[in-house]
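Undergrad: What follows is a structure written as structure tokens; I'll ask about it next.
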Amino acid sequence: MTRVIRGPGFAAALCASLLLAAGCEPAHSPAQESAPAAAPAAAVPPAAPAAAAVSINLPAADFTLRASTLPGYTLATQKCVICHSTDYISFQPPGMTLAQWTGEMQKMRAAYGAPLVDAEVELIGAYLAVAYGSTSAD
């Protein structure tokens, strides 16, 4: 079993070594001058070169939201695509109610950080409930 014993000057020597490795000159105190000098730390390796640019071709977005005069339509075309494609809406169960669509919008904000205020959650939820759910436009 090996036991490492570190004296009171260990922390100061360690800090000095780290500062030297970072290219800084540590301040000296009389206590440090009487302590043995710490061995310089190994040089920090240079940063890895930047990765080459990669081109990724995505499939064409062929799903568009169902047009509507409801104010939530314009918000949906602006806000939903910040996080996901519009075809994500088609993956939801058919016939969702106003409460379910509004709940989905609340989840998008709470769980995924969608940048929506309460009024936008309500308006987009209402649009989705009419355009893709079981709610009538009346």
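The values are calculated or read from the model by the stated rules, or taken from the named source; none is laboratory data. Here the structure is a predicted model, which is why all the values come from computation and not from measurement. Cβ coordinates were reconstructed from backbone atoms using ideal geometry, including for glycine residues, and neighbour counts include every protein chain displayed. Keep in mind that these areas ignore ligands, DNA and RNA; they rest on the heavy atoms of the full protein, side chains included. Shrake-Rupley method; radii C 1.70, N 1.55, O 1.52, S 1.80 Å.
Undergrad: Inside the range 108-138, can you point out the residues that are of a type in the set (V, I, T) and either surrounded by fewer than 11 Cβ atoms within 10 Å (Cβ to Cβ) or in contact (Cβ under 8 Å) with a residue 24 or more places away in the chain (or both)?
TA: Hits for the range 108-138 are V117, I124, V130, T135.
Undergrad: Please state which of the following conditions T69 fails to meet, knowing it meets all the rest: (1) assigned to a loop (DSSP other than H, G, I, E, B); (2) over 24 Å from D138 (Cβ atoms).
TA: Of the numbered conditions (1) assigned to a loop (DSSP other than H, G, I, E, B); (2) over 24 Å from D138 (Cβ atoms), the odd one out for T69 is (2).
Undergrad: Right, another one. When the range 110-131 is examined, which residues are found to be more than 19 Å from the chain's Cα centre (by Cα) and of a type outside the set (V, I, T)?
TA: Answer for the range 110-131, where residues must be more than 19 Å from the chain's Cα centre (by Cα) and of a type outside the set (V, I, T): D118, A119, E120, E122, L123, G125, A126, Y127, L128, A129, A131.
Undergrad: Considering only residues that are more than 9 Å from I124 (Cβ to Cβ) and either open to solvent by less than 60 Å² (accessible area, probe 1.4 Å) or of a type in the set (A, V, I, L, M, F, W, C) (or both), which ones fall in the range 70-89?
TA: L70, T77, V81, I82, C83, H84, T86, D87, I89
Undergrad: Would you please list the contacts, defined by Cβ atoms under 7 Å and residues six or more apart or on different chains, that run from a residue in the range 63-88 that is modelled with pLDDT of 90 or more to a residue that is hydrophobic (A, V, I, L, M, F, W, C) and open to solvent by 80 Å² or more (accessible area, probe 1.4 Å)?
TA: So the pair list comes out as Y73/A67.
Undergrad: Every residue in the range 33-54 that is modelled with pLDDT of 60 or more and not small (G, A, S), please.
TA: Across the range 33-54, the qualifying residues are P40, V44, P45, P46, P49, V54.
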